Structure formats: C-alpha cells, structure tokens
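Report on the structure given below.
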Amino acid sequence: MGLISSYFRSFLPSAFPRFARRSYVLELITVICFSATLGIVEGGVISNIAKRRFEHAIEAEALNFYVALLFAAPDLANILSFFWSGLSHGRAKIPLINILQLSVIVLISLMAFTPVSGAGLFTMVALVILARVCWSGIITLRPTVWRSNYPAIMRATAVGNFQTMQYIMAGIVGVVVGSVLNVHPEWFWLLVLSVASVGLGAFFATRRQRVRREARMRRAELDFAPIMKPWQGPLVVWRVLHKDRMWARFMLWMFVLGLGNMLLGPILTIVLRDQFELGYLRSILITSSITALVMPLSIPMWARYLDRSHVVQFRARQTWMFVLSASIACLGVLFHRVELLYLTAVLQGISYGGGTLAWNLGHVDFAPPTHTSQYMASHVTLNGIRGLCAPFVAVGLYNGAVVAGLNAFGLGVTTSAAAFVLGVSAVMCAIGATGFGRLLTHMGERATLAKARSA
C-alpha cells in the first residue's frame, strides 16, 4: 500500500493543500481497485454476458427483458438511495462506506456460482441489483466526503481525476472479460472471483480515509433536522423538491433526458447479437469499453468548464452530445453500419465524461452545506425511478414493434423495431436538452450567484 501511495503522490496536483493530499491518494487507490470489481457488472458488460450465456436457457423475449433490466440496474438500485441518506444522517461516513464496499464484493463473488438456467439468470440479476443498491449508498455518501476534503475551486478537478481512473479501469476490465469469454466462455466463474478480489484493496484504503471537520459536520446535520428513519427517506425527496422549485425543474429535465438516453443501451445490446451477430468482445467494446476509455479524454475539458459554470449552464450545452449519439446510433442500425455504432460509443464517451461530473457535483450548486446528502439522495432516487421505467419502455417498444411486424423502408422487422426505439431515444434527449436551455434562461443571473454561494 505504501509503494502505491508513493507512486500516486508523484502526480498530485501541486495546488492541492496538504490536508487534501492524503485523502486524494487514498481515494485514487480506492477508485482503481473498486472500479475493477464493478467493471464486470457494468451494464454494457453484464448485459452482453447474459445475452450470450443464457440465450439457450430461456425464450428470447424474456431474455431481452433481463438484458434491459441488467443495463438499467445501476439506476434501478438508486431508488433506495434515500435509505442511505437517512441511515447516515449525523453519523460517521467512512465506516458505512466500508461496510457497503464489502457487501458489493461478496455479492459479486456469488455471481460465480450461478448455473446456466432460468433460475441461474434470475439469481444473477438479483445479485447484480443488490450489489448496485450497495453501490448507490456509496454514491450518495461520497459527495459529503468530497465537499469536506476538497476546496470548491479544485473539487471538480479532483473528482474528474477519480472518474478518469474509474472509467479507464472499467474499459480495461470490459476488454479483458470480452477477450477471455470469446475464447473460454466457461471461465466466467474465474473472471468473477478475480475481479471481486481486487476490490479488497479499496476496502483497506478506505479504512485509512479521514473526513476533515467531520465532528462539526455531523453536529450541523443533527442541528438541521432530527435523524430520520430510513423508510422516511421519500419525505426527504419530496421536501427538497417542494422547497427548491429550481431544483425540481432541473430534476424534471434530468428525468426526460435520462429516460431517453437509457433506451439506447439495452437496444444496442439486443441488436448487436440479433442483427449484427457480434461476439463478446466487439459487443462489449461498443456498449461499454470504448465509451469508458474515451471518457477520460473529455473529463479534463468538462471539469474546467464545470469549475467555472453553474450546472444548469453546463447541462444546457453538454446534453446535446447525447442527442447526437442517439441519432447516429439510429442511422447505424437503419443502414446496418457497425462503424456508426463504434462512433456512437465514442460520442457517448464524450457525453458521459461531462455527465459523470455533473452527476456527482451538480447538486452542490443548489444545496446548502447541511443539505448536500438530501439533494444527492433526491437526484439519485429520481434517477432510480426512471431506471425502473426505462427497461419496460425500451423492451416494450421493441417487442411491440416486432410483434406488430414493423418493417420500415423494407429493412426487416428487427432492424426497423430497433431503429424506431433509437429514434424515440434521440427525440427525448432533444426535449431534455431544450428544457435545460429554457431553465438557464429563466434563472439568468441567479445561476451565477448560486455558483458563488456553493464555493
């Protein structure tokens, strides 16, 4: 651990104050190790594994539903984020994060023992969702730690570096998993246990983490409101949205944009097997690894922009990249051009590079210091609700179009059905992007003032 820490200290930003450096090094180690573990349950990886591993175990329409559900599992699990917000209120954050990390490691390890059957698929999906529920707790708690340990002027840069490492590792894991399973699909159990064991490095690094001025922060949380029971968490979401109308409008357009964008992944996973007949590696490259590896290239640019901009201004510009990527995916399916789907993966990487920063830090531009976890919980919970809706919307539209025999332009039912859903995705993303633009116009100078208050 000491050698790894020394290595990362060699490229620490020189502007970081001393109190932030130790936290930064430990966080980088945590991100690298835990991202390797999470890589195998990324939507673009695990959904492609399920599509191929279980294709002879259950009917195609049912398997498509499970594929969509696996792709949406990260967002579906986020519905329970209010549980973690209530549970952590006024309490130490690091021990709870540690427990959640260990839970994720155990749950992913259990995937190695699922049989190739309908029951095995159901069990694997349940384990993925439970692991993602625990991960959503970590997502909910981390911004509070980041806000305490990193000054506002460099917070986006620090988080950008963490996200860079996270997606590099996710991309690498996807390539490794796809390459191995292309040749040895029976080694699935060994791959799962291997990546799960790497997560232990994150567990031990996090145990050494400290939160700056945590005692004062915990007292402020307790003074702000009494500790709520976990099942009262939905009230937090309602109160935050009711009290802050600008945040509620921001969440509305996030919901529209996110729902549209979440239609893309499940449909691509289905057509890459059914229409393009690609194997593990190429499918995972398009749905996961290329996007993950491109993201670090765009994160520094987006981080500098977000450091200077309110999140509404940021989203009003950045979200149009999602519109472009969905449109190109639609064209790629329509004309059976796999190179356009590779381009879609690149554009998704650029889009998500900015999206992941706004996801982790955007609520800070709205939330008072004592409300940070509550705002993040409302964000994550609403994201989970659309994650619950998106699989039914995507697969329902696709299967419905197939059953109806949709055959646009003489391209075949499968192709036309997939292109139809991808077209819906592009339109919904465009509506969301337009909504952010209108919200920015409505807020005007208030966006600049809010950014200054969050510093």
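The values are calculated or read from the model by the stated rules, or taken from the named source; none is laboratory data. The shown structure was predicted, so the numbers you read here are calculated from the model rather than taken from an experiment. Glycine gets a Cβ as well: all are built from the backbone with ideal geometry, and neighbour counts include every protein chain shown.
Let's see how each residue does on (1) touching a Pro at 6+ places or on another chain (Cβ under 7 Å); (2) crowded, with 22+ Cβ neighbours inside 10 Å; (3) farther than 26 Å from R317 by Cα:
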site: V346; (1), (2), (3): no, no, no
site: G353; (1), (2), (3): no, yes, no
site: D365; (1), (2), (3): no, yes, no
site: M376; (1), (2), (3): yes, yes, no
site: H379; (1), (2), (3): no, yes, no
site: G400; (1), (2), (3): no, no, yes
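Checked across the range 146-161, the condition of being closer than 30 Å to N48 by Cβ, at pLDDT 80 or above and hydrophobic (A, V, I, L, M, F, W, C) holds for no residue.
Residues in the range 106-120 that are among the aliphatic types (A, V, I, L, M) and either surrounded by fewer than 21 Cβ atoms within 10 Å (Cβ to Cβ) or over 22 Å from I79 (Cβ atoms) (or both): V106, L110, A112, V116, A119. Of the residues making up the range 34-49, those that are surrounded by fewer than 24 Cβ atoms within 10 Å (Cβ to Cβ) and more than 15 Å from the chain's Cα centre (by Cα) number 0. Restricted to the range 121-155, and to residues there that are among the charged types (D, E, K, R) and closer than 18 Å to A377 by Cα, the residue that is surrounded by the most Cβ atoms within 10 Å (Cβ to Cβ) is R132. Among the residues making up the range 75-111, those that are under 18 Å from the mean Cα position of the chain (by Cα), of a type outside the set (D, E, K, R), modelled with pLDDT of 70 or more and under 22 Å from L235 (Cα atoms) are L76, A77, I79, W84. Against the test of being touching a Lys or Arg at 6+ places or on another chain (Cβ under 8 Å), assigned to a helix (DSSP H, G or I) and either within 19 Å of L293 (Cβ to Cβ) or β-branched (V, I, T) (or both), the options V31, V45, V25 yield a single qualifying residue, V25. Considering the conditions (1) at pLDDT below 80; (2) in a helix (DSSP H, G or I), A50 is excluded by exactly one of them, (1).
Within the range 384-408, work out how many residues are under 24 Å from the mean Cα position of the chain (by Cα) and not aromatic (F, W, Y). Total meeting the criteria: 13.
Quick one: in the range 412-447, which of the residues that are among the hydrophobic types (A, V, I, L, M, F, W, C) and without any contact (Cβ under 8 Å) to a residue 24 or more places away in the chain is surrounded by the fewest Cβ atoms within 10 Å (Cβ to Cβ)? Applying the filter and picking the extreme gives V413.
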